[in-house]
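Chemist: One structure follows; several queries about it will come next.
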Amino acid sequence: DTGVSQDPRHKITKRGQNVTFRCDPISEHNRLYWYRQTLGQGPEFLTYFQNEAQLEKSRLLSDRFSAERPKGSFSTLEIQRTEQGDSAMYLCASSPIAGANTGELFFGEGSRLTVL
Amino acid sequence: KQEVTQIPAALSVPEGENLVLNCSFTDSAIYNLQWFRQDPGKGLTSLLLIQSSQREQTSGRLNASLDKSSGRSTLYIAASQPGDSATYLCAVSTYNQGGKLIFGQGTELSVKP
């Protein structure tokens with residue numbers, strides 16, 4: 001088990017372009033979360049999936065943002081028509097549910113987005 | 001609405017000193033509380049998790065306590081080392097919220113040799 005994997009680690013793009021981030025959770029973790037973190041702040045919740053179902057979306061997730069988890073395994077986060085305010089670290093986390101689950105979340109290394 | 005606050009925002013101590021980081025939350029109906037470490041430009045590393053029924057957890061030189069009734073948690077670091085320099089984040093999850101965490105803004109710790 002290699003932990004939560006995110007790709008790419010760093011993306012530089014021009015304003016108006018679309019970008020997509022991928023997250024591979026720890027295998028057999030049912031829940032997958034996306035967070036956004038700006039410099040000097042704590043991570044802010046964006047959305048989460050339980051298996052393939054997207055169960056909650058934050059108001060921070062504008063209509064330019066879309067997240068999917070089609071087969072209940074990896075997830076993608078797409079940002080359309082990027083703006084400079086989208087520049088941030090995008091963090092993915094996963095956790096198991098039920099059984100002996102303690103509710104602990106395991107985070108990846110993040111994908112840093114810079115919008116020029 | 002749950003809000004998490006961490007004080008101080010930054011802390012600088014000499015090597016070897018024992019120190020305490022503080023975390024407070026507004027809604028005591030939490031499921032658990034996690035402390036994380038974050039190095040610059042990196043992801044989050046889980047340090048300690050305290051379930052709502054627990055009072056404290058220990059791992060090596062780290063000890064985290066939880067007082068739900070007062071909405072407070074502390075992270076105690078013994079005999080600090082330069083390698084402890086990082087940002088420390090506190091986060092809570094509440095029941096029926098799908099396990100999502102609400103984070104504080106973090107305490108940036110610098111341990112001077």
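We did not get these values from a lab; they are worked out from the coordinates using the rules stated. Note that the structure is predicted; figures quoted are calculated from it, not measured. Glycine also receives a Cβ, built like all others from the backbone with ideal geometry; neighbour counts cover every protein chain displayed.
Chemist: Going by a ≥ b ≥ c, the root eigenvalues of the Cα gyration tensor, does chain A fall in the rounded group (a/c under 1.5), the prolate group (a/b larger than b/c) or the oblate group?
Modeler: prolate
Chemist: What average number of partner chain Cβ atoms lie no more than 10 Å from the Cβ of the residues making up B:40-48?
Modeler: The shielding value for this peptide is 5.
Chemist: Here's another thing I want to ask about it. What share of all Cα pairs of chain B, in percent, falls into each consecutive 5 Å distance bin?
Modeler: Histogram of Cα-Cα distances, whole percents per bin: 2, 13, 24, 25, 19, 10, 5, 2, 0.
Chemist: Please state the charge dipole magnitude for region B:1-84, taken about the Cα centre, from unit charges on C-beta atoms (+1 on K and R, -1 on D and E), reported in debye and rounded to the nearest 20.
Modeler: Roughly 200 debye for region B:1-84.
Chemist: Could you tell me which residue out of A:Val115, A:Val4, A:Thr76 lies farthest along the dipole of chain A toward its positive end? Charges go on the beta carbon: Lys and Arg +1, Asp and Glu -1, centred on the Cα centre.
Modeler: A:Val115
Chemist: Looking only at other chains, what is the average number of their beta-carbon atoms within 10 angstrom of each beta-carbon in A:46-55?
Modeler: 1
Chemist: Rank the residues B:Lys68, A:Lys57, B:Lys100, B:Lys112 as a footprinting-exposure proxy: fewest other Cβ atoms within 10 Å of their Cβ go first.
Modeler: B:Lys112, A:Lys57, B:Lys68, B:Lys100
Chemist: Additional query: Residue by residue through region A:69-76, which ³J(HN,Hα) values in whole Hz follow from phi under the Karplus form 6.51 cos²θ - 1.76 cosθ + 1.60 (θ = phi - 60°), with glycine and proline marked x?
Modeler: Here the 3J(HN,Hα) series is 8, x, 10, x, 10, 6, 10, 10 Hz.
Chemist: If you don't mind, another one. Charges at C-beta only: +1 for Lys and Arg, -1 for Asp and Glu. How large is the resulting dipole of the protein assembly as shown about its Cα centre, in Debye rounded to 20?
Modeler: Dipole magnitude for the protein assembly as shown comes out near 460 debye.
Chemist: Restricting to the protein assembly as shown, what percent of DSSP beta bridges are antiparallel, rounded to 5?
Modeler: If we restrict to bridges inside the protein assembly as shown, about 90 percent are antiparallel.
Chemist: May I ask you to evaluate 6.51 cos²θ - 1.76 cosθ + 1.60, the Karplus curve with θ = phi - 60°, for each residue of region B:101-113 and list the ³J(HN,Hα) values in order in whole Hz, giving x for glycine and proline?
Modeler: Coupling constants for region B:101-113: 9, 10, 9, x, 8, x, 10, 8, 9, 10, 10, 8, x Hz.
Chemist: If the convex hull of the alpha-carbon atoms of region A:48-116 is projected onto planes in all directions, what is the mean projected area in square nanometres?
Modeler: 5.4 nm²
Chemist: Can you list the HN-Hα couplings for region B:41-51, worked out from phi with the Karplus curve (6.51, -1.76, 1.60; θ = phi - 60°), rounded to whole Hz and with x for Gly and Pro?
Modeler: Values per residue, Gly and Pro as x: x, 10, x, 9, 10, 5, 9, 8, 10, 10, 6 Hz.
Chemist: Going by amide H atoms built from the backbone, whose H comes under 5 Å of the H on B:Asp27, apart from near neighbours?
Modeler: B:Glu3
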